[in-house]
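*Asks:* Below is the structure I would like to discuss, written out as structure tokens.
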Amino acid sequence: MATRLLKAFAVLLVSGAGLCPVAAHAYALDAQFDCRARPHAFIGQLINTQYVDPNPMHVEANSVNAFRPAHGRDITAFGFRVYAVIGYEQGDGLFKKGAGQALAGPLYGAVLSAPSDAVESRVRKAGSNATVRMVIPLLLTAVVCSPS
């Protein structure tokens, strides 16, 4: 009886494994954090491949646009789930203008679901010079590149 129960459990476990999302199948943004890309190329590629929704979910007063990952699409950066990708470049029609003074220079990045100290550690270990900023303590952290 115990062996049949164990076999039944094993079959359920193996058959259900394909139903669970696996981080290995997520689109990883790590390479883009060499901070050499332009915001249009970073966000545009994610829109073209349908990894993010084409319309920003939020536009800050300083014109930084936040784009939500598309439904059913998993994006990671440095092993953490991406909550949103952000970007802005003055004069680029891909980005909507905010109500306040727009940023002078371009930027792009991602907001990650992870505490800032863990993100900072992985970003530096990867050799990136991106800026790491806490958004919500212990929950969300922004990784930002300001290409010149």
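*Asks:* With labels modelled as points extended 7 Å from the Cα through the Cβ direction, what inter-label distance (nm, one decimal) is found for Arg38 paired with Gln101?
*Replies:* Distance between the two pseudo-spin positions: 2.6 nm.
*Asks:* Sticking with this structure for a sec: Over region 26-145, what per residue volume does the convex hull of the Cα atoms give, in whole Å³?
*Replies:* 95
*Asks:* Still on this structure, please answer the following. Ranked from highest to lowest mean number of other Cβ atoms within 10 Å per residue, what is the order of the peptides 101-114, 63-76?
*Replies:* Per-residue mean Cβ counts within 10 Å order the peptides as 101-114, 63-76.
*Asks:* Can I ask one more? Once both labels are modelled 7 Å past Cα along the beta-carbon direction, what's the Ala61-Arg124 spacing in nm?
*Replies:* 3.3
*Asks:* For the modelled label position 7 Å from the Cα of His25 along Cα-to-Cβ, which residues of region 51-93 have backbone nitrogen atoms closer than 20 Å?
*Replies:* 51-53, 69-83
*Asks:* Along the Cα→Cβ direction, 7 angstrom out, place labels at Gln50 and Ser148. What is the inter-label distance in nm?
*Replies:* Between Gln50 and Ser148, the simple spin-label model gives 4.0 nm.
Every number in this text was worked out from the coordinates using simple rules, so none of it is lab data. Everything quoted here is computed from the prediction, not taken from an experiment. Positions of Cβ are backbone-derived with ideal geometry, glycine not excepted, and every protein chain shown enters the neighbour counts.
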